[in-house]
Amino acid sequence: MDVRLSVIDKRLEKINKIIAVASGKGGVGKSLIASSLALDLSKKGFRVGLLDLDLYGPSSHIILGVEDFSFPDEEKGILPHKVDELNFMSIVYFTEDKPAPLRGIDITNIIIELLSITQWGELDYLVIDMPPGIGDETLDVIKLVKKAEFLVVTTPSKVAMGAVGKLLLILKELKLQIIGVVENMKLDKSTFIQKSLKIMKLKYLGSINFDYNLEKSIGKPKSLLNSKFINDLNKIIKNQL
Amino acid sequence: MHEWALAESLLIAAIEAAEKEKMKKIKEITIGIGELQQIEQDVFEFAINEIIKSQPNLKGLKIKIKTLKSKLKCRNCDNTWLFSDMKKKLTEDEGEAIHFLPEVAFVHSRCPKCNSPDFEITEGRGVSIIQIKGEK
């Protein structure tokens, strides 16, 4: 009997809304959307947590400009680090940002451990930066974080949508809450994603134009909050969360 | 695992298990803790006692702890070794990180024979309830 499972619901009970930012495909901008969404909601005065569950390639800390990898403080468990007002938890606090060569069972164990020891307290939103695909992490979040709602990210590419579509089908089959799909890095007026989602009877939330200056804002939360990227994201999520 | 989180998880799990067995009172819980967890027994017992204070039905509960040796096996060369040997080569911070998240052993350590990061924890990873004694 794994005793850790019994405490996870308790750790998450004071969180009003849990948003898992997911995609079937890597490189579509999940981490940027998850981090930006968390920063933006936090700036608006909400109590927000950001949990990076991309254990092989964690990148939220890079986007947020985190350079302090010291252990989290302890208080009946561990407390998330603060990035301004945002509560942030990532594997990087335990790996010193070194590579993490992990098998599936190890991934599951780390997710269970992080969920059972992190004391988030009362939050309006917990944003989870998910790794790509429909593997262990996605299945673990579906199993362990029962109230997670999925915000799915794709690019306009048919290749990306090929993989994203599979994630959406699984989420639909399991009758999980899908907030909708964001089309990131839009370059032209293609309607391919919108049409694909219409066929799947899923909500197209809107698009984020390719922001050529975005790279300059990586690691600088204040600059990121003023980017065109976040301006587009804001229009999309308004009234959706 | 963090001692407080462990104590809390353990007691919630024990209460759930006792309810399933239709036990009226839990008298004793025997748990197995993998050495990899590096639980500080004093801190753990303090946490248990603090939680019990707010749970009148757990008054007088005894906790027996069995520490289980953690064994590791390389998937690449089949070499086996003990965590107690591995720990000697870890820095204080690396050991502390493994205490919080045992799987970061794969980040901070390698097979002592072939240097592969692809090894497994074959014994003594986690925490489990071995036995619950109580009144029905």
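Any residue that is touching a helix residue (DSSP H, G or I) at 6+ places or on another chain (Cβ under 6 Å) and surrounded by 21 or more Cβ atoms within 10 Å (Cβ to Cβ) - is there at least one of those in the stretch A:116-125? The answer is yes; a qualifying residue exists.
Would you check if A:SER6 is part of a loop (DSSP other than H, G, I, E, B) and either surrounded by 24 or more Cβ atoms within 10 Å (Cβ to Cβ) or within 14 Å of chain B (Cβ to nearest Cβ) (or both)?
So A:SER6 does not fit the description; no.
The residue that is surrounded by the fewest Cβ atoms within 10 Å (Cβ to Cβ), counting only those in the stretch A:77-90 that are in a strand (DSSP E or B) and either among the small types (Gly, Ala, Ser) or facing another protein chain (nearest Cβ under 8 Å) (or both), is A:ILE78.
Of all residues in the stretch A:91-127, those that are more than 11 Å from every other protein chain (Cβ to nearest Cβ) and assigned to a strand (DSSP E or B) total 5. Do the conditions hold for A:ILE179, that is, is it touching a Leu at 6+ places or on another chain (Cβ under 8 Å), surrounded by 14 or more Cβ atoms within 10 Å (Cβ to Cβ) and more than 26 Å from A:GLU13 (Cα to Cα)? For A:ILE179, the condition - touching a Leu at 6+ places or on another chain (Cβ under 8 Å), surrounded by 14 or more Cβ atoms within 10 Å (Cβ to Cβ) and more than 26 Å from A:GLU13 (Cα to Cα) - is not met. Scanning the stretch B:96-136 for residues that are surrounded by fewer than 17 Cβ atoms within 10 Å (Cβ to Cβ), more than 14 Å from B:LEU72 (Cα to Cα) and in contact with a helix residue (DSSP H, G or I) (Cβ under 9 Å, 6 or more places away or on another chain) yields a total of 2.
Every listed requirement among (1) over 26 Å from A:LEU115 (Cα atoms); (2) assigned to a loop (DSSP other than H, G, I, E, B); (3) modelled with pLDDT of 90 or more is met by B:LYS22 save one, (3). Examine the stretch B:44-60 for a residue that is touching a residue at least 24 places away in the same chain (Cβ under 8 Å), within 22 Å of the chain's Cα centre (by Cα) and away from every other protein chain (no Cβ under 14 Å), and state whether such a residue exists. Yes - at least one qualifying residue is present in the stretch B:44-60.
When A:LEU64, A:LEU51 are screened for being over 20 Å from A:LEU115 (Cβ atoms), hydrophobic (A, V, I, L, M, F, W, C), crowded, with 22+ Cβ neighbours inside 10 Å and touching a strand residue (DSSP E or B) at 6+ places or on another chain (Cβ under 6 Å), only A:LEU64 passes. Against the test of being in contact with a Lys or Arg (Cβ under 9 Å, 6 or more places away or on another chain) and surrounded by fewer than 20 Cβ atoms within 10 Å (Cβ to Cβ), the options B:SER70, B:SER84 yield a single qualifying residue, B:SER84.
Among residues of the stretch B:111-134 that are away from chain A (no Cβ under 12 Å) and within 21 Å of B:HIS99 (Cα to Cα), those with a Cβ under 7 angstrom from a residue that is basic (Lys, Arg) and not in a strand (DSSP E or B), sequence gap 6+ or separate chain, pair up as B:GLU123/B:LYS69; B:GLY124/B:LYS69.
The values are calculated or read from the model by the stated rules, or taken from the named source; none is laboratory data. Treat the numbers as computed from the prediction; the structure is a model and nothing was measured. In this analysis, Cβ positions are derived from the backbone assuming ideal geometry, glycine residues included, and neighbour counts consider all displayed protein chains.
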